[in-house]
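One structure is given here, and the rest of the page talks about it.
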Amino acid sequence: MSCNCERDQAKLQENILKKINAHPCYSQNAHKHYARIHVAVAPACNIQCNYCNRKYDCSNESRPGVTSCKLTPQEAVKKALYVGGSIKQLSVVGIAGPGDALANPKQTFETFRLLERYAPDIKLCLSTNGLNIEKYIDEILRCNIEHITVTMNSVDESGGIGAKIYPWVYYEGKRYYGEEAARVLLRQQLRGIELLVKNDILVKVNSVLIPNVNEEELPKVAKKVKEMGVFIFNIMPLISKPEHGTKFALEGVKSADHRLLMKVQEACETDVKLMRHCRQCRADAVGLLGEDRSDEFFKKDFADKSFEELQMHYNIKNRREAHRKIEEWRGVLKAANEKALMEEAKKYELSSTGETKLVAVTSESNGLINDHFGSAEEFLIYEAGDKAIKFIMPRRIDTSYCKGPKGCGTYVIDEIKKALSDCDILLTQKIGECPKKELESLKIICDEDYANEPIEISVLKAVKKHFSFEKLQVC
Ligand code: CLF
Ligand code: SF4
């Protein structure tokens, strides 16, 4: 017979699974099936980060270099209803900028209140630098927000590391500078996270990985957030280009590349559950993570329609039916992939020899290997042994190999070769002879045999097909 304590734990676990099941960021599995929309209602910010240029979106949750069209709360909710009726996989509305959600409380909470009324099936999510959580905790609870992301780049109590990242912080009518600013921010972040966890809100902590500034600090952040009961930790590599005009970019601080990211992820994963599938979306992102459908929806499509009209288009009944079908398909995939995926496995658990291989996959949707090499704009990287596999990261490229009819005759492969240089196998739906030769020159095996098959089980099968784990030689 199990004791009460065990039953409580099981109940807690069940509640958490229910909350994350359809959230594309909190569940690695859900992100292949469910979409999110960010509504850009929050223009102002109350701190300055050296990796942010206010001309662009909040870099704590966005790629810099894209600016979002700002919306009023009413327009935001109309957009969510319009998009939710068109993209039935939509399960979450998030506020992630272009400034800080809680530096714009009026707009943020008005949006969420309207959403609760007109789209009660949608999950509410927000992202913040954490400075104002304590101040707005009651409103957060009133709005029934189940998921909150706090960006915290250091837990250094002296403020020394924070001072390298934040030149100033504006809190309760006073502007703080340097180490004092960093200390005020950290104090508020920790108080805020504690309050959220205490109130059963699922917290994700983001840290921006800044080369030579906080790469040694992040394992300490991982430890701290684990202790505090944070659900998941997301390390976002700094994207730094001179044209972004940020202080770091102008001072020559480089982007964090995937090698550094993998190294820091490995150092952190002993302490905390990691999010590895983040796409650093923009503040007005629409669609599945990794796809950008924001340019399919225009203000003129929804702004003049009434809420009632848009509610009809949203059609909650049809959406429920669509989600039921998604769950059915997930069940099929789960059965196919069973035993292949071990999300939090260590190297020795993946392989009987302790050695593993990296496998790149091109996938358009639905958890299948269903994208051509030429059109792929990102590669999903898995680590695999003969026993199981785990997802490591997506690697985005700026330019796909084939640019379609418009770019006929121009093929760019250098960026892809760099992105895949440490991989052993590429699984893709189709690849031409020329790029195949280019990749084979890097000793990458290109395999089309698993086209349109479920990803995880195919990765495991392919690794076992091409490598012998007794001798670890190419078969
Ligand atoms: Fe948006 Fe963020 Fe909510 Fe997701 S994004 S507010 S938790 S609904 Fe997701 Fe985008 Fe990464 Fe953010 S992939 S940048 S983690
Ligand atoms: Fe920019 Fe976001 Fe930092 Fe504010 S919190 S300065 S919007 S990155």
Q. So how do 287-293, 19-25 stack up, highest first, on mean other-Cβ count within 10 Å?
A. 19-25, 287-293
**Q.** Centre separation in Å (Cα based) which lies between region 227-261 and region 368-443
**A.** 24 Å
**Q.** Between helix 4-20 and the chain: long-axis angle, C-alpha atoms, 0 to 90°, nearest 10
**A.** 80 degrees
Q | Violating pairs (Cα-Cα greater than 21 angstrom) within the set Lys204/Lys334; Lys174/Lys224; Lys403/Lys436; Lys273/Lys390; Lys417/Lys443; Lys325/Lys387 | A | Lys204/Lys334; Lys174/Lys224; Lys325/Lys387
Q) Which lysines does Lys299 reach when only Cα atoms under 17 Å apart count, and residues fewer than 8 places away in its own chain are ignored? A) Lys70, Lys78, Lys79
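Express as a percent, rounded to the nearest 5, the fraction of DSSP beta bridges in the chain (both residues included) that run antiparallel.
Here the share of antiparallel DSSP bridges comes out near 40 percent.
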(Q) For the chain, take the longest principal axis of its alpha carbons; what is the angle in degrees between that and the long axis of helix 455-466, to the nearest 10 within 0 to 90? (A) 30 degrees
Q) Considering the zone a paramagnetic label at Arg320 would reach in this model (a point 7 Å from Cα along the Cα-to-Cβ line), which residues of region 79-122 have amide N under 17 Å from it? A) 85, 88-91, 117-122
Q.
With angles folded into 0 to 90 degrees, how steeply does helix 178-198 sit against the dominant principal axis of the chain? Use alpha carbons for both and round to 10.
A. 80 degrees
(Q) How much length would be gained if the chain were fully extended between Glu433 and Ala10, taking 0.36 nm per residue of separation minus their Cα-Cα distance, in nm to one decimal? (A) 147.0 nm
Q: Would you mind checking which residues have amide H under 5 Å from Thr149's amide H? H placed 1.01 Å from N; only 5 or more apart, or other chain.
A: Leu126, Ser127, Thr128, Lys204
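Any read-out appearing in this document is the output of simple, stated calculations on the displayed coordinates, not a laboratory observation. Fair warning: this is a prediction, and the values are worked out from it, not measured in the lab. Virtual Cβ from ideal backbone geometry, glycine too; neighbours counted across all protein chains shown.
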